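Trainee: Okay, handing you the structure first.
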Amino acid sequence: MKSSRKFGKNKIILVKNKILFIAPLRKDRAPSQRFRFEQYLDFLSENGFDYTFSYLVSEKDDKVFYSKGKAIRKFFLMVKYFFIRLKDVSRSSKYDLVFIQREAFFLGFTYFEKRFAKKTKVIFDFDDSIWLPNVSDANKKFNWLKNPQKTAKIISFSDLVFAGNCYLSDYALNYNKNTRIIPTTIDTREYYKLEKTENPETVCIGWSGSITTIQHFDYAIPFLKRIKKKYGSKVVFKVIGDSTYINEELNIKGLAWNKKDETVILNSFDIGIMPLPNDEWAKGKCGLKGLQYMAMEIPTIMSPVGVNVEIINDGENGFLAENEEEWVDKLSLLIENPELRLKIGTNGRKTVVERYSVESQKNIFLNYINELINSD
């Protein structure tokens, strides 16, 4: 949509559409924000939008908020965050649209979302099964303050819902028929294959995630032990996202995630893995780590859970492995065939470029926003 024009006495004043983005964390801090809307901010600016980005947890707060204990300090943080959102509500009528990613506030009420909806149009975006209980280890004792069922209420308040996959969309459609699927996307200008610099004689099997998803790596331990026994020093293993993680048997010391080095470390992977349990939470996942591997031409093996079966055409652009035997067989196939790794990696990159890249989805994202703003 082009910016509207107001004609003054001797000049034309361009009036841009304005969006208020509401998210829990600062820019570049959370994957759900980075790969759901932050990648589109420059594109929106280029297409006639002004935006304001309002978040709660600062870099300084982060060390308190996601650490164990410190209940009193966390209480005062919540008070501070409450007033941040009150300010957002008071100014929201000045915006054409409020875009809420996952939730406006950490606790189990929907006060802010309801107020936003009364003042302007609202888009709600989510990329996980957030209607199910899921709290970080550091804050498990505060679980009683959460209310996952509030997701349904937020969806019902919204004018438009962006769901990350079909499973999430099916849930949202129960509460709001104006639901659209926007996949989690990769900026393929940032994620691409680099020149290999590590030992070409070894094959690196890698996993990337976070402190909150490291539990999913545990599903890989049994088959990785068998791979280690089978191939010995020919294989090495890397884990990104939890610097406290250690597995002495597999000689793994976890690496902390940081945006600056992420693609360099990912590039050291010869094979990327994404094991998941077949449960309701995992079905809501949007395949992010697998898409990152594929964008960098890293041959990828995923559990056949949720959207993964839509992303992967088994044996062509990656592999699906349902049980331990399949994981061992398909890892072995890739370890022993560098040409197959090259072919699968090339096809994986092509899939991301065509269907899961910022470039492939940005105009769809923009059009949905314009349609909502222009609707009565």
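The values are calculated or read from the model by the stated rules, or taken from the named source; none is laboratory data. Computed from a predicted model, the values in this text were never measured in an experiment. Here the Cβ positions follow ideal geometry from the backbone for every residue, glycine too, while neighbour counts run over all protein chains shown.
Trainee: Report the residue count in the stretch 25-53 for those that are buried (at least 16 other Cβ atoms within 10 Å of the Cβ) and over 19 Å from residue 257 (Cα atoms).
Mentor: Total satisfying the criteria: 8.
Trainee: Filter the stretch 150-178 down to the residues that are among the polar types (S, T, N, Q), in contact with a strand residue (DSSP E or B) (Cβ under 8 Å, 6 or more places away or on another chain) and closer than 24 Å to residue 305 by Cβ and list them by number.
Mentor: 151, 165, 169, listed by residue number.
Trainee: Could you identify the single residue in 105, 82 that is within 18 Å of residue 25 (Cβ to Cβ) and buried (at least 18 other Cβ atoms within 10 Å of the Cβ)?
Mentor: Only one candidate qualifies: 105.
Trainee: Read through the list (1) surrounded by fewer than 24 Cβ atoms within 10 Å (Cβ to Cβ); (2) hydrophobic (A, V, I, L, M, F, W, C); (3) over 30 Å from residue 41 (Cβ atoms), then give the number of the only condition that residue 331 fails.
Mentor: Of (1) surrounded by fewer than 24 Cβ atoms within 10 Å (Cβ to Cβ); (2) hydrophobic (A, V, I, L, M, F, W, C); (3) over 30 Å from residue 41 (Cβ atoms), only one is false for residue 331: (1).
Trainee: Quick check on my filter: what residues within the stretch 179-206 are under 14 Å from residue 126 (Cα atoms) and either touching a strand residue (DSSP E or B) at 6+ places or on another chain (Cβ under 8 Å) or not in a loop (DSSP other than H, G, I, E, B) (or both)?
Mentor: If the condition is that a residue be under 14 Å from residue 126 (Cα atoms) and either touching a strand residue (DSSP E or B) at 6+ places or on another chain (Cβ under 8 Å) or not in a loop (DSSP other than H, G, I, E, B) (or both), then 179, 180, 181, 182, 185 are the ones that fit.
Trainee: Please verify whether residue 118 is over 30 Å from residue 242 (Cα atoms) and either surrounded by fewer than 19 Cβ atoms within 10 Å (Cβ to Cβ) or at pLDDT below 95 (or both), treating the condition exactly as stated.
Mentor: yes
Trainee: Only one of these is more than 17 Å from residue 164 (Cβ to Cβ) and out of contact with any Asp or Glu (no Cβ under 9 Å at 6 or more places or on another chain): 315, 306, 290, 348. Name it.
Mentor: After applying the criteria, what remains is 315.
Trainee: So, one more: Do you know which residues across the stretch 348-376 are within 20 Å of residue 42 (Cα to Cα), surrounded by 18 or more Cβ atoms within 10 Å (Cβ to Cβ) and among the hydroxyl-bearing types (Ser, Thr, Tyr)?
Mentor: 356, 357
Trainee: Would you please name the residue that is modelled with the highest pLDDT, looking only at residues in the stretch 218-246 that are under 18 Å from residue 265 (Cβ atoms) and surrounded by fewer than 17 Cβ atoms within 10 Å (Cβ to Cβ)?
Mentor: Ranking the qualifying residues of the stretch 218-246, first place goes to 246.
Trainee: Consider only pairs whose beta carbons are under 6 Å apart and that are at least six residues apart or on different chains; among these, list those whose first residue lies in the stretch 326-354 and is at pLDDT 95 or above and whose second residue is of a type in the set (Lys, Arg).
Mentor: 328/226; 334/341
Residues are listed down the side, and each one gets a yes or a no for (1) hydrophobic (A, V, I, L, M, F, W, C); (2) at pLDDT below 95:
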site: 6; (1), (2): no, yes
site: 14; (1), (2): yes, yes
site: 43; (1), (2): yes, no
site: 88; (1), (2): no, no
site: 101; (1), (2): no, no
site: 108; (1), (2): no, yes
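Trainee: I'm checking my understanding of the structure. Among residues of the stretch 271-286 that are small (Gly, Ala, Ser) and in contact with a Ser or Thr (Cβ under 7 Å, 6 or more places away or on another chain), which one is surrounded by the most Cβ atoms within 10 Å (Cβ to Cβ)?
Mentor: 272
Trainee: For the stretch 194-217, which residues satisfy the criterion of being under 27 Å from the mean Cα position of the chain (by Cα) and at pLDDT below 95?
Mentor: Scanning the stretch 194-217 gives 194, 195, 196, 209, 210, 211, 212, 213, 214, 215, 216.
Trainee: Further question: Which residues, counting only those in the stretch 41-83, are within 24 Å of the chain's Cα centre (by Cα), under 29 Å from residue 16 (Cβ atoms) and of a type in the set (A, V, I, L, M, F, W, C)?
Mentor: 41, 43, 44, 49, 53, 56, 57
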